Structure formats: structure tokens, C-alpha cells
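Trainee: Quick one: the structure is below, questions incoming.
The values are calculated or read from the model by the stated rules, or taken from the named source; none is laboratory data. Everything numeric in this text was worked out from a predicted model, so none of it was measured. Cβ placement follows ideal geometry from the backbone for every residue including glycine, while neighbour counts extend to all protein chains displayed. We work out accessible area using only protein heavy atoms, side chains counted, and drop any ligands, DNA or RNA first. Shrake-Rupley method; radii C 1.70, N 1.55, O 1.52, S 1.80 Å.
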Amino acid sequence: IENSLSSSGRGSQYIAITGYDARYLFHKRIIKDLNTSESWSCSDSAERCMRLLVQSQCGTSAEEKRRLPIANIIPDSGIGTTYLVNEAYSNLYDVLVTIATQAMIGWRVSFSGSLSLEIFAGTDRTGYVRFDASMQTLDSGTFTDSNEEFTNAVYIGGKGNGSDRDIYEGE
């Protein structure tokens, strides 16, 4: 959150707020199957397993007291590898985190009149990320360690090849 003017009259500053996101509402939910079997199981894409698990434990097919206003309005894209879930009396949040982590997908819960479970595949940005305060990709940083004390020599090569090349050696 950015305040344009603080109570002391100072200029713009950032306030860090910590807490739980909407996914945490699944943390207090224990997985149980109301049918004849004791465990809940599914074998499908990781996304489909997550959606079916949330729907069965919190949606219209769950016991009335366990229902949450869940609407899976975002289309099921079959994201993630084939996954097998077989859980009984496990923490719903922990199982969802495990599925997402092992399938390397992301998930979030948004609220717009009802809860919506969104599942997405990330984009590999390896090699494209640059953290720089001037580019506003780094808000703040803390210096923790340096190898400066181990620096003891420098080599600078100029134009040319082989013996025609000027090389400067120094400390």
C-alpha cells in the first residue's frame, strides 16, 4: 500500500501488510468422503484434481455445514501432469499445496460474490529477470554478503588477437 502523504507530513512511503491470503480458508478443512469409502481419490490432471477436491469438500456436494460459496467459473484447461490423489482426514490446504508444488502450477482464490478457484501455469522467465531499483523491479533490498575482500587481481584485454592484444594486469 502506498501512502502519498503520511501523518507526519513526509512524502510517499510504502506500508507492508502481512497476513493470510484467501487460499488459507482451506486450512481449517479436513478431507473426508461422505460416501462408502474412507478416502477421497481422483486420477486426472492436477488442475482437475484440485477443482474436484475443492468442490467435493466445500461445494454443493459437501455436507451443508461444510459448504462455501464456490463457483468454478474459470474454464478447466487440464493444466498440470496426471496426478493421483488418495487422501483421508488430511488437511485440504496442505494437499492442494502438495498437488500444485509437485505439478509445478500456481493457484489462487478470488472473491467476486462467490469464491473462484483459479489455477495457472507459470512462465519460465529464467534469464529475463533483472532486479533493479531504477527499473522498479526491486522495491528495497538489504546487503548481506560480499566477495569484495577476495578480489585481488584484474585482467583487462584490449583490441587484437594473440600477441597483438594488449592485456592489463593489476590489483
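Trainee: With a Förster radius of 30 Å, plug the Cβ-Cβ distance of S39 and F120 into 1/(1 + (r/R0)^6) and report the FRET value to the nearest 0.05.
Mentor: Once the sixth-power term is evaluated, E becomes 0.60.
Trainee: Let me cross-check V129: its accessible surface, 1.4 Å probe, with only protein heavy atoms counted, in Å² to the nearest 10?
Mentor: Roll a 1.4 Å probe over it and V129 shows about 90 Å².
Trainee: Could you sort S134, S114 by their accessible area in this structure, using a 1.4 Å probe and putting the largest first?
Mentor: Largest accessible area first, the residues go S134, S114.
Trainee: Which order do T18, T60 take when ranked by solvent-accessible area (1.4 Å probe, heavy atoms of all protein chains), largest first?
Mentor: Sorted by accessible area, descending: T18, T60.
Trainee: Taking amide H positions as placed in the peptide plane 1.01 Å from N, state which residues far from I70 in sequence (5 or more) or on other chains have amide H under 5 Å from it.
Mentor: L115
Trainee: Each residue of the range 122-139 in turn: what ³J(HN,Hα) in whole Hz from Karplus with 6.51, -1.76, 1.60 and θ = phi - 60°, glycine and Pro shown as x?
Mentor: x, 10, 6, 9, 4, x, 10, 8, 10, 9, 8, 4, 5, 8, 6, 9, 9, 6
Trainee: Which semi-axis lengths, in whole Å and largest first, follow from the square roots of five times the eigenvalues of the Cα gyration tensor of the range 64-123?
Mentor: So the three semi-axes of the range 64-123 are 20, 18, 10 Å.
Trainee: In percent, how large is the relative contact order of the range 41-171, given Cα pairs closer than 8 Å and 6 or more residues apart?
Mentor: Worked out over the range 41-171, it gives 19 percent.
Trainee: A follow-up question, please. Check which residues have an amide H placed less than 5 Å from S90's amide H, if you skip close sequence neighbours.
Mentor: Sorted by chain and number, the residues that satisfy this are I31.
Trainee: For R125, tell me the accessible area in Å² from a 1.4 Å probe, rounded to the nearest 10.
Mentor: For R125, the solvent-accessible surface is approximately 140 Å².
Trainee: Let me ask another. Could you compute how much accessible surface F111 exposes when probed at 1.4 Å, giving the result in Å² to the nearest 10?
Mentor: Surface accessible to solvent at F111 totals approximately 140 Å².
Trainee: Same structure, new question: First obtain the Kirkwood hydrodynamic radius of the range 86-171 from its Cα pairs, then insert it into the Stokes-Einstein equation at 37 °C and 0.692 mPa s, and state the resulting D in µm² per second as a whole number.
Mentor: D, rounded to a whole number, is 167 µm²/s.
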